[in-house]
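Q: Before I ask anything, let me first share the structure, which is written out below as structure tokens.
Nothing in this text is a laboratory measurement; each read-out follows from the coordinates by a stated rule. If you're wondering where the values come from, they're calculated on a predicted model, not measured in any experiment. Please note: Cβ atoms are built from the backbone with ideal geometry, for glycine as well, and neighbour counts cover all protein chains shown.
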């Protein structure tokens, strides 16, 4: 049963926090997550810690434990949202068999309507200690014009119409993920490494991601991203993203600053609000685009079916900063989907 907002009762702040911490401690002990392997999360620093003035050792231990639980709650909330929105932050670290069919339709700048399918398959190979995946994807060779500015820093290898690759996870923990990938498309081959590290800033969490690859046709590229995020209420998570990419083939260093607000409506629906500013350093430093976008996603009829509607407004420099509206519709069918409703309840249903 999905609880509505009317099901929640207002309680004093202290009671809410107490119930939250107790419930989350019990829930995380029984929940299983796709990315975070709790059995491998052995990164608690052992050793002496400075004593906190005027606090007993027991109180200090309680403070440390509470801080760790709140940090873990924020981490799992962000993971759930990235999973729900099919974000590359989640996809790049998902280590299980899964197939997805995406049917997208977009209205372009000139008013034309285009339809683009995409199929992706990830096979979790046995007898590799759970570390090796086979990745296969087939899709149209171009993004929608209306979606390019918002994805200006996305990977160009995702634009190939057919790609196959192997991904090997060197290390998977709650704080760190390191993987290598080697792949082949109809036009080129590539190989590289991806590194992700989490940083704990009390009620905020930081995430640094860096991916280095070599392509046989265009040479080296480096894509880097830093997120800092915080769960600001029961159903809201705020994220600021800094991105910077370098490609051997091109001059300059394109980069972006993106502000995102996730709003959870229910276990089967959520909204993402984005404001992105995109910059280029060559031939001169300039802002190339500003994009305001909203993404509404909802599961319907079945847990493995997702519908998305994403209207946006852009002000690209190439069109003299003219008001440029657009909209994209997506229908996704997920094969290999396992319900994350229990995970949702552990994070958001207080």
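Q: Please report the relative contact order for the range 83-348, taking Cα pairs under 8 Å with a sequence separation of at least 6, and give it as a percent rounded to a whole number.
A: Working: 634 pairs, mean separation 36.4, N = 266.
Relative contact order of the range 83-348: 14 percent.
Q: Please compute the volume of the convex hull spanned by the alpha-carbon atoms of the range 83-348 and report it per residue in Å³.
A: Dividing the Cα hull volume of the range 83-348 by its residue count gives 136 Å³.
Q: Per 0.36 nm of contour for each residue apart, how much would the distance between residue 261 and residue 103 grow if the chain were fully extended, relative to their Cα-Cα spacing? Walk me through the numbers on the way to the answer.
A: Values: separation 158, 0.36 × 158 = 56.88 nm, distance 2.54 nm.
Gain in length upon complete extension: 54.3 nm.
Q: Hey, another quick one. Show me the ranking of peptides 237-245, 276-284 by mean Cβ neighbours inside 10 Å, starting with the highest.
A: Top of the packing list down: 237-245, 276-284.
Q: Starting with the fewest neighbours, write out 88, 76 ranked by other beta-carbon atoms found within 10 Å of each beta-carbon.
A: Listing 88, 76 from fewest to most nearby Cβ atoms yields 88, 76.
Q: Return the distance in nm (one decimal) between the two label points of a simple spin-label model at residue 331 and residue 212, each offset 7 Å from Cα along Cα→Cβ.
A: Between residue 331 and residue 212, the simple spin-label model gives 4.4 nm.
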